[in-house]
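Heads up: the structure comes next, in structure tokens.
A short reminder: the numbers here are calculations on the coordinates, not readings from a lab. A quick note: this is a predicted structure, and the numbers were derived from the prediction, not measured. Reconstructed Cβ throughout: ideal geometry from the backbone, glycine too, with neighbour counts over all protein chains shown.
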Amino acid sequence: MKNSLDRVLRNNRSPVDPLGYRDAAYPEEEARAVVRLAFVEMMGRDPELDESEHWIGWLRETRSNGDTLRRCLMTTSEFIGRHGYVNPLHFHTWRNSRWLKNILATCSEAQSQGIDWPNARQWNEELIRALKNEHDVQTVAELPNQ
């Protein structure tokens, strides 16, 4: 916990790039996680090892952020073949529609049925599976409670 807190405090004081993002390279483990989630969100799959290594190196060398990586992935033939062309300037609108559709369905169910909220980790894993198009999101009643 202390290392994480130190990193947050250090990044809070780090310089920012022209877009206002913190200008600090991701540590190796964080870069790996950023690349994996970017691929899951944008491509519906985990990255291959060579893709992962390429984008980790790119993130750390350019000090780019996860959103910039996602915008790069939006221009690939794989993304366009899967989702059609989406203007990278509309990235957040497109991204929100993918996440929020699943989140809102789950929240509506929990509120309307008066059932306990699901375990957060398992709920997140279920949302990730939905992004990977493995199957539809389970209902809240099917997920274990906290």
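Quick check: residue separation of Leu100 and Cys72 times 0.36 nm, minus the Cα distance between them. What number comes out in nm?
7.9 nm
What are the chymotrypsin sites (Phe, Trp or Tyr not before Pro) within segment 33-132 that DSSP puts in a loop, where the Cβ has at most 11 other Cβ atoms within 10 Å?
Here the chymotrypsin sites (Phe, Trp or Tyr not before Pro) that fit, given the DSSP loop and packing criteria, are Tyr85.
For the pair Ser108 and Glu30, how long in nm is the line joining their label points, each one 7 Å along Cα→Cβ?
3.6 nm
Which of the GluC sites (Glu not before Pro) found in segment 39-115 are in a DSSP loop and have at most 10 neighbouring Cβ atoms, other than their own, within 10 Å?
Here the GluC sites (Glu not before Pro) that fit, given the DSSP loop and packing criteria, are Glu48.
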